[in-house]
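To start, the structure itself, in structure tokens.
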Amino acid sequence: MRPGPSARALNAIVRDLMDTRDGATYFAGRVWGVSTRYDLGGGHPLIGRSVPNFELEDGTRIGELMHDGQGMLLDFAENVSLEIIAKEYGGRMKYVSVRAKEHFGASAVLIRPDGMVAWASDQEPDEQSVRHAADLWFMRASVAKEAR
């Protein structure tokens, strides 16, 4: 931060780096938090990262569906058991079953209200693992009634 020759040299290097595609991607990821990954457990590479802005077949993007601040159970494989699980949490998460233009191999993704992926699967979803992840971030409707 000092206005000396070393600082000017470092500033020039950083500007040159930011003029490259890789450099700009790196700095944008750091500033916007896109490259941030939280250790939420689970083995899928999407878990703990910001949800990709999946483009759905109708042209809608996930970002447009998240404006209401709700969590979402996103189902790319039309799995009826996931819809049933989502209903257990009342209005705390919405269930969206759609086809996407690109889903990075995921069959289903649980998204927290802040846009972070809490759970994901690239296979037939294991109902127990979906419920476990959902219980960490959402309260089931039956539990909410008991708490009253």
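The values are calculated or read from the model by the stated rules, or taken from the named source; none is laboratory data. Since this is a predicted model, take the numbers as computed values, not measurements. Positions of Cβ are backbone-derived with ideal geometry, glycine not excepted, and every protein chain shown enters the neighbour counts.
So that you can scan it fast, the table gives a plain yes or no per residue for (1) touching a Lys or Arg at 6+ places or on another chain (Cβ under 8 Å); (2) surrounded by fewer than 16 Cβ atoms within 10 Å (Cβ to Cβ); (3) assigned by TED's automatic domain parsing to the domain that holds Gly43:
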site: Glu55; (1), (2), (3): yes, yes, yes
site: Val80; (1), (2), (3): no, yes, yes
site: Glu83; (1), (2), (3): no, yes, yes
site: Arg99; (1), (2), (3): no, yes, yes
site: Leu110; (1), (2), (3): no, no, yes
site: Asp114; (1), (2), (3): no, yes, yes
site: Ala120; (1), (2), (3): no, no, yes
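I want to confirm something. Restricting to the range 76-102 and keeping residues that are free of Cβ contacts under 8 Å to residues at least 24 places away in the same chain and in a strand (DSSP E or B), which single residue is nearest to Ala133 (Cα to Cα)?
Here the residue is Tyr95.
Determine which single condition Gly105 fails, assuming it passes every other condition in (1) in a loop (DSSP other than H, G, I, E, B); (2) more than 21 Å from Arg49 (Cα to Cα); (3) in contact with an Asp or Glu (Cβ under 6 Å, 6 or more places away or on another chain).
If we test Gly105 against (1) in a loop (DSSP other than H, G, I, E, B); (2) more than 21 Å from Arg49 (Cα to Cα); (3) in contact with an Asp or Glu (Cβ under 6 Å, 6 or more places away or on another chain), just (2) comes out false.
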